[in-house]
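The values are calculated or read from the model by the stated rules, or taken from the named source; none is laboratory data. Fair warning: this is a prediction, and the values are worked out from it, not measured in the lab. Don't worry about glycine lacking a Cβ; one is built from the backbone with ideal geometry, like all the others, and counts go over all protein chains shown.
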């Protein structure tokens with residue numbers, strides 16, 4: 001049962017939706033929170049134009065996403081379901097993803113990984129979805145000219161993700177004087193339970209971006225949620241708990257973090273109490289170093305690392321993970337790795353959420369002795385105005401090792417725009 005206050009927020013939200021849906025502007029931008037209904041209204045908008053009469057016999061509309069597989073997976077079926085069957089001239093074209101109507105109009109579901117799919121013809125209108133993830137310049141180079149002859153309308157919609165490759169273009173379009181812009185947060189429509197879960201899973205900046213639809217600036221410190229005072233703690237090795245060891249399989253330096261977990265389920269905390277940092281090393285040498293420190297550990301050692309360790313050889317006969325698995329010195333050893341590396345933005349987001357989530361709860365702590373890791377956390381930055389790390393010297397390697405561990409053990413369940421659905425493989 002919705003409370004009166006929540007009903008009032010929903011009414012306010014629906015008023016914004018209706019205003020956007022009824023807009024007569026040629027250029028419209030919608031920056032809205034995750035799960036707030038922007039996609040539903042955009043799809044209904046483009047379908048409703050199919051029976052509208054034009055001076056020409058072949059009105060054309062598009063619904064575009066960053067890639068064709070994405071367009072087919074997340075939009076094609078919904079567009080078909082929204083189109084009344086008595087509007088159809090024939091069955092939808094499943095090969096080319098085109099809906100043709102008895103009115104002469106067409107609706108194309110397209111991926112912008114090949115912009116030529118929409119070039120060379122004039123369009124009456126269309127939607128560009130997930131705009132933060134679209135290639136830079138897609139509106140200026142592809143759509144602006146293709147909408148001129150028919151005075152077509154154009155919507156750019158999405159979550160304002162600061163690390164998306166199209167973020168700057170989306171913000172510039174949103175801020176343009178000739179754009180009619182709308183902005184609403186997810187907090188106005190999602191249930192309190194869903195919002196609470198998001199605040200637990202995300203750090204404050206990611207929550208503001210994804211659920212409050214705030215345009216935040218890219219750049220700056222990568223691990224902005226790490227606080228030197230509040231996230232450093234002198235927790236020591238506990239012989240009764242499993243060791244979590246995660247490698248970055250670089251040769252110079254070869255790095256690893258060593259940690260243990262405390263607590264249950266969503267209340268778990270991670271304590272990183274040691275690190276390995278070796279020049280011109282390989283996996284056997286790193287294992288020798290680990291054995292000297294923790295060879296007597298009897299409560300299990302769980303190994304993690306980046307996906308490239310599966311394939312790149314550090315010896316003539318075995319991959320890095322197979323070397324670890326065959327080392328019989330470690331009692332109760334298990335080896336885990338992703339089939340492919342998670343996106344960097346997803347790893348960084350998982351780390352920041354663990355350092356400090358939107359509720360101001362900190363669940364990851366680093367021992368001051370881990371000087372290389374602490375240096376990385378304090379100094380690793382994005383290149384100015386970009387979402388690319390500006391790594392130099394030794395910066396980046398050991399925080400990557402930490403990131404693989406955190407992303408594996410504490411993944412963010414909320415889709416951030418990158419591919420979080422990575423396969424997990426374990427050698428036990």
Condition test on residue 127, is it within 19 Å of the chain's Cα centre (by Cα), in the same structural domain as residue 60 (by TED's automatic domain parsing) and part of a strand (DSSP E or B)?
no
Quick one: which of 174, 215, 211, 223 is within 20 Å of the chain's Cα centre (by Cα) and farther than 28 Å from residue 396 by Cβ?
211
Hey, residue 173 in a helix (DSSP H, G or I), closer than 30 Å to residue 107 by Cα and in contact with a helix residue (DSSP H, G or I) (Cβ under 7 Å, 6 or more places away or on another chain) or not:
yes
Filter the range 393-414 down to residues that are in a loop (DSSP other than H, G, I, E, B) and out of contact with any helix residue (DSSP H, G or I) (no Cβ under 9 Å at 6 or more places or on another chain), then give me how many there are.
1
Just to be sure before I move on: is residue 264 at pLDDT below 95, surrounded by fewer than 21 Cβ atoms within 10 Å (Cβ to Cβ) and assigned by TED's automatic domain parsing to the domain that holds residue 361 in the structure I sent?
yes
Are any of the residues in the range 243-253 modelled with pLDDT of 90 or more, surrounded by fewer than 16 Cβ atoms within 10 Å (Cβ to Cβ) and closer than 23 Å to residue 398 by Cα?
no
Out of the residues in the range 282-310 that are part of a loop (DSSP other than H, G, I, E, B) and over 33 Å from the mean Cα position of the chain (by Cα), which is nearest to residue 346 (Cα to Cα)?
299
Among (1) more than 24 Å from residue 21 (Cβ to Cβ); (2) out of contact with any strand residue (DSSP E or B) (no Cβ under 8 Å at 6 or more places or on another chain), the one test that residue 146 misses:
(1)
Residues being outside any loop (DSSP other than H, G, I, E, B) and either more than 31 Å from the chain's Cα centre (by Cα) or modelled with pLDDT under 85 (or both) - total across the range 325-344
4
Looking at the range 55-121, what strands (runs of 3 or more DSSP E) fall wholly within it and have at least 3 residues that are buried (at least 18 other Cβ atoms within 10 Å of the Cβ)?
60-65, 106-111
Against the conditions (1) more than 19 Å from residue 215 (Cα to Cα); (2) buried (at least 20 other Cβ atoms within 10 Å of the Cβ), where does residue 145 fall short? Just the number, please.
(2)
Looking at the range 130-160 only, could you name the residues that are under 21 Å from residue 174 (Cβ atoms) and part of a loop (DSSP other than H, G, I, E, B)?
130, 134, 135, 136, 137, 147, 152, 159, 160
What's the number of the condition residue 362 fails, among (1) within 20 Å of residue 202 (Cα to Cα); (2) assigned to a helix (DSSP H, G or I)?
(2)
If you scan the range 17-40, which residues turn out to be in contact with a helix residue (DSSP H, G or I) (Cβ under 8 Å, 6 or more places away or on another chain) and part of a loop (DSSP other than H, G, I, E, B)?
33, 34, 35, 36, 37
Any idea how many residues of the range 15-30 are under 27 Å from the mean Cα position of the chain (by Cα) and modelled with pLDDT under 95?
3
From (1) touching a helix residue (DSSP H, G or I) at 6+ places or on another chain (Cβ under 6 Å); (2) at pLDDT 90 or above, pick out the condition that doesn't hold for residue 230.
(1)
